[in-house]
Every structure is written in structure tokens, then in C-alpha cells.
1. Can you figure out the FRET efficiency of L275 with K423, using R₀ = 56 Å and their beta-carbon distance, to the nearest 0.05?
2. Need one word for the stretch 16-56: rounded, prolate or oblate. Basis is the Cα gyration tensor (sqrt eigenvalues a ≥ b ≥ c); a/c below 1.5 gives rounded, then a/b vs b/c decides.
3. Among rounded, prolate and oblate, which fits the chain when a ≥ b ≥ c are the square roots of the eigenvalues of its C-alpha gyration tensor, a/c under 1.5 means rounded, and a/b larger than b/c means prolate?
4. In whole percent, what relative contact order does the stretch 103-234 give with Cα contacts below 8 Å and a gap of six or more residues?
5. Considering all projection directions equally, how large on average is the shadow of the alpha-carbon convex hull of the stretch 186-236, in square nanometres?
6. Accessible area per residue of the chain at 1.4 Å probe, in Å²?
7. Using a 1.4 angstrom probe on heavy atoms only, work out the carbon and sulfur share of the accessible area of the chain in %.
8. State, in angstrom, two size descriptors of the stretch 106-206 derived from its alpha carbons: Rg to one decimal place and Dmax to the nearest whole number.
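The values are calculated or read from the model by the stated rules, or taken from the named source; none is laboratory data. Worth saying up front: this structure is predicted, and the values here are computed from it rather than measured. Glycine gets a Cβ as well: all are built from the backbone with ideal geometry, and neighbour counts include every protein chain shown. For the accessible areas, the whole protein counts, side chains as well, though only heavy atoms, and no ligand, DNA or RNA atoms are used. Shrake-Rupley method; radii C 1.70, N 1.55, O 1.52, S 1.80 Å.
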Amino acid sequence: MRARYIFLQLIDVHGKNLTESPGENTVTGLVQGQSFNDLPCRIWTQLFDCKDGSFILRYKVFNTCLNIKIKVKIKGKELPMFHSEIKGLVYEEECYCPNPSITNWLNNYQCQQNYTQMNYDLAPFPNVDFDKIRQSIIKRYDQPSSVSICHYILKSNRIYRQCYGQYVGFKIFMDAILLSLARKIVLPDIEFFVNLGDWPLVPDKGPLYPIFSWCGSEDTRDIVMPTYDITQSSLEMMGREMLDTLSVQGNTDLPWENKVEQLFWRGRDSRKERLDLIDISRKHPKLFNVSITNFFFFKDKIDKYGPGQSHVSFFDFFKYKYQLNIDGTVATYRFPYLLAGDSLVFKQESKYYEFFYKDLTSGLHYVPVKSDLSDLVEKIQWAKEHDEDGLKIAKSARQFARDNLLPRDILCYYTTLFHEWSKRLKSKVKVLNNMEEVPQPSHSCQCHLSNLNLKDEL
């Protein structure tokens, strides 16, 4: 992976979990490794204090390293740790060293064996013959002015595609996850179509075509994948992306009791309910700190709801006790990061969903709010009067994120989806004319899979 990560939980002398930070610089971490092929072993280490008695140690190797050693010290004294040494080679993300067995890889990564949303999405497609439906799909969705899709073929662990539509730039996100997985595992030979837009495409009434999408809805039957946003942040953490489900846990500075007791929100004007939120906040200014940051859909409303406010770091959101997850054009893709933070999340009821929504429980992981926000003030008042209950929900939400929304989970979901999809294809997978290959980046490293314990590498 781009960055490996380890969770540490501090306990007291009685074996009970600590629930508060032990103090700044009390815990330190370092990851070291030996050089390989006379190249220096370059490793970047980060240690996040999650302020709840837990820590996240993560590290990124810039080149192949040998015999990694993980050291954690508490008040200068080294902590004895199980699995603190990783024998053999540890590869950088760019290495093309695929494991030939997808089953072994899924087991080594400790991937879930059952995904609620995936089972639901794949149920209508027990057998798929693309020779019979391929041209119908292209004819139906080749609408350059409104729809953009890509047709992918995975053959012999190489990636080919042909895209249709006027705006196909988001293909880079699908390319990235496929290339990354192909470096780690020999993917099955499969064929599929990907929707590059936010809106799901396949109506639940009429012919059901298998289209992979980043967002689903109650009146469509697209096959939902992790969004491009969480996929990109998982692939590029400790690289080009600053915000991910790990970094948000390590950059929440205030303990619960010191947070501002207001609902905080920033976002663009991509839905009328967001304007309604401004109206509600102006009637109850003590409960809210909300603003529109950018006007695009309702430019004629700037005088009433503007001007647009300046950007606020997402990490600073969590200086406030309450957060709101409200739809944009579709499901808002910030929800995983809100859950991973340490504030109480209020979620607007919506017909749109992401790949993990079906595993969430209302009242356990978030506080539900009506679609028109008519009960939002009432729910905030409830939270203020039931502070301990709100804290429990916030902790449950973070635990859900740790169990389901970390980078490992994103890789697992995609790999399981492709594995299950391969079992349903009845047509022969072959590269078609006019398809272009998506090449792996130019990179050289020596593979010794026989010396690797992939489970330890996590």
C-alpha cells in the first residue's frame, strides 16, 4: 500500500483502555528498515494521537526495504510489541509484484466475506453475456452531452478501455484503482462499464444493464463502488492527498468537552436544502455556524444567502461538537470523513447512498434528520440535553469507520467486487478493437513473493 498503518491502544496498569490523550509527545514512533540492492531504505513515519487513548502509526516506503522494524516509545521507554518486525521485503506502492492467488490475497488482507450492498447490487445479474448486451449498453448510454461512461476490459492482468461522452476526465480515478490492484494481485479477466458521473444511471424499471457507479439511489439499480473521493484518498494518503480516514482521526485537536456546542457546516449551493439550512441558522444563531462557500446553482440568490465564505480546513470542522451530512447533487462524499472524526454527525434522510450506507444504523452511528431539515433544530436541542448519548454515537461512528472505511477496506471492496463479478460472466473476455491500454507507470523493482508475508506487510 502507499502507506501502511497500525492502531495502538494505550491501557493502564489494570488493563483498562485509556480514553484520553496521555499528553503531547508522550508517545513517539519510528519505522526503520535495511537497505536492499545497495539503495538507502527511505521511510517516512507519522504518528497520530487520536485524543481518545488510541494512536495511529503509519509509514510510507519510497523504495523496496528489507526487514522493517517498528519502534514505539512511551515517555522514552520502548514498548514491547507483537509483530514489530516484518521479515523479508516490503515494496513501495509502484512495484509490480502481483500475488497470483486472489483468494489468498483476500485472506491475507483479512477482507470481509460478505458485503450487504454488493450482494444487493449483484443479485439481478446471476449470468451476464456481454456479447448479447454490449452494443445495447453503448447505444443506451452513449449520450455525449449528458452521460460519460468507460468500457473496461481486464485481460491477463492488463487494463484496456474505451470511453464514451464529452467529459471523461474522471476515468483517471478508475484507472488508478485498477492499476494499483493489478500491481498487488492478478485480477480476473473481466468486462464491465463504469459511470463517470455522480448521478446513478440505471432506472429500476425497464431493462437492467450492469453499470458500475460511485453512487446509488432508491430508484436506480447501479452496481455501487466506493466513491472516487475515498478511493483516491486511500491510494494517495501520505502523498498527494492530505485528507483521508486516517488523517482526520489524527487532526482533531479538541476533546469532546471542549468543543463548541454548535452545528458546523460549509459547502457549495448544490441543493436547495442547503439554502434552507442558512435560513434555519439565521433563526437560531446560537446553534449554528454554517455558510455557503461557493455559488454555482443559485447565483441569483447570492444577495440573500451570500456572499460566499472562505475555505475552512476540514480538520477544523471538528472543533465543533455537531456536524451535518447533507446531500449535494447526490450523496455528499464527505460522509466517511465525518464518521471518522470525533463529532456527532446529523445525517439528512436521502434517497442517495454510498457503498457502506446499508451497514449503518440510525441512532447508533448518526442522528437522522428529515430530508427537509424541519426537525434539525429539535435534534440539536436533543443532543445538547443528552450529551453522553451524543458522545456514544460519535464513538460508535468512529469505530464504524475504523472497521469499514480504511484504505484496506476500500481495496478489499473493489477486489471482492471484481472477483464476484468474474463468476457471473458467461461471455468470453477479449480485448476489442479500438480499445486503448492503460499502462502501468514505468518503475523497476525486484519481486520475491516467496519471501513475503503479505498479512504482516499490512
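1. 0.75
2. prolate
3. Oblate.
4. Contact order relative to length: 21 percent.
5. 4.5 nm²
6. On a per-residue basis, 46 Å².
7. In the chain, the share of accessible area belonging to carbon and sulfur is 48 percent.
8. 15.0, 44
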